[in-house]
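Trainee: Below is one structure. I have some questions about it.
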Amino acid sequence: MLSGALRSDALTSAPDGFRLRLSLPWIRSMPLSSVLSLEATVAGVPVPAGSLDVVLGHRRVPAAGLEREAGWWFVQDRLVLAAPHRLDPGMHAVRVSFELLVPYLQAGPGRPLILPFVAEAEVELDGGLLPAGAARDVA
């Protein structure tokens with residue numbers, strides 16, 4: 001399921017650092033509160049826990065704050081992670097790890113199933129972007 005979690009356009013530069021777009025590696029949409037222990041490493045450097053945010057519309061939520069969010073991570077959407085670190089152009093090894101609490105599956109009596117996920121890929125910073133007006137195939 002993780003083969004498509006980090007696509008070629010996953011890593012983009014932003015005025016305040018970088019954005020990393022992660023596809024949901026599960027078969028159904030999940031509540032944002034199901035995403036636990038979210039961590040990212042880029043070019044071998046871990047993003048400090050306090051500086052990793054998730055972009056939800058026009059607001060940023062600390063990654064650890066997703067447990068309190070009422071929204072959903074839909075299968076067709078990507079979760080946008082943001083960090084205030086500038087990256088050099090070129091290829092970067094990216095690693096994202098998290099746990100996904102599956103509220104409708106039990107791991108034991110009174111315990112929901114919690115699955116660990118790790119997505120790793122070599123992606124080019126701004127590599128999946130096309131010039132304005134260029135056509136893009138729909139995947």
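Trainee: Just name the residue that is surrounded by the fewest Cβ atoms within 10 Å (Cβ to Cβ) out of those in the range 30-48 that are over 13 Å from the mean Cα position of the chain (by Cα) and over 12 Å from P84 (Cα atoms). Spell out the reasoning first.
Mentor: Narrowing the range 30-48 to residues over 13 Å from the mean Cα position of the chain (by Cα): 30-31, 33-34, 43-46, 48.
Among the residues that remain, those that are also over 12 Å from P84 (Cα atoms) are: 30-31, 33-34, 43-46.
Details: M30: 19, P31: 15, S33: 17, S34: 22, A43: 14, G44: 8, V45: 12, P46: 11.
Among those that are over 13 Å from the mean Cα position of the chain (by Cα) and over 12 Å from P84 (Cα atoms), it is G44.
Trainee: Considering only residues of the range 86-104 that are in contact (Cβ under 8 Å) with a residue 60 or more places away in the chain and in a loop (DSSP other than H, G, I, E, B), which is least open to solvent (accessible area, probe 1.4 Å)?
Mentor: Across the range 86-104, the extreme among qualifying residues is L87.
Trainee: For the range 51-85, what are the residues that are assigned to a helix (DSSP H, G or I) and within 21 Å of P116 (Cα to Cα)?
Mentor: The answer is A63, A64, G65, L66, E67, R68.
Trainee: So which of A107, A119 ends up being open to solvent by 40 Å² or more (accessible area, probe 1.4 Å) and either modelled with pLDDT of 95 or more or in a strand (DSSP E or B) (or both)?
Mentor: A107
Trainee: Could you run through the range 28-50 and say how many residues are in a strand (DSSP E or B) and within 17 Å of L66 (Cα to Cα)? First the steps, then the outcome.
Mentor: Within the range 28-50, the first condition is being in a strand (DSSP E or B), and the residues that meet it are 30-31, 35-42, 45-46.
Going one step further and asking which of them are within 17 Å of L66 (Cα to Cα), we end up with 30-31, 35-40.
Going through the range 28-50 one residue at a time, the tally reaches 8.
Trainee: Right, something else. Scan the range 9-16 and tell me whether some residue there is surrounded by fewer than 16 Cβ atoms within 10 Å (Cβ to Cβ) and under 14 Å from the mean Cα position of the chain (by Cα).
Mentor: So far as the range 9-16 goes, no, none of its residues is surrounded by fewer than 16 Cβ atoms within 10 Å (Cβ to Cβ) and under 14 Å from the mean Cα position of the chain (by Cα).
Trainee: Which residues, taken from the range 49-85, are among the basic types (K, R) and exposed (fewer than 13 other Cβ atoms within 10 Å of the Cβ)?
Mentor: Going residue by residue through the range 49-85, those that are among the basic types (K, R) are 59-60, 68, 78.
Residues satisfying the conditions are R59, R68.
Trainee: As an exercise: evaluate P25 against (1) in a loop (DSSP other than H, G, I, E, B); (2) in contact with a helix residue (DSSP H, G or I) (Cβ under 7 Å, 6 or more places away or on another chain); (3) more than 23 Å from G127 (Cα to Cα) and give the number of the one condition it does not meet.
Mentor: (3)
Trainee: Moving on. Show the residue pairs that are 6+ apart or on different chains and have beta-carbon atoms under 9 Å apart, the first residue being within the range 33-60 and under 25 Å from F74 (Cβ atoms), the second being among the polar types (S, T, N, Q).
Mentor: S37/S97; L38/S97; E39/S97; A40/S97; V47/T41
The values are calculated or read from the model by the stated rules, or taken from the named source; none is laboratory data. This is a predicted model, so every value here is computed, not measured. Virtual Cβ from ideal backbone geometry, glycine too; neighbours counted across all protein chains shown. Heads up: the accessible areas ignore ligands, DNA and RNA and are worked out on the full protein's heavy atoms, side chains in. Shrake-Rupley method; radii C 1.70, N 1.55, O 1.52, S 1.80 Å.
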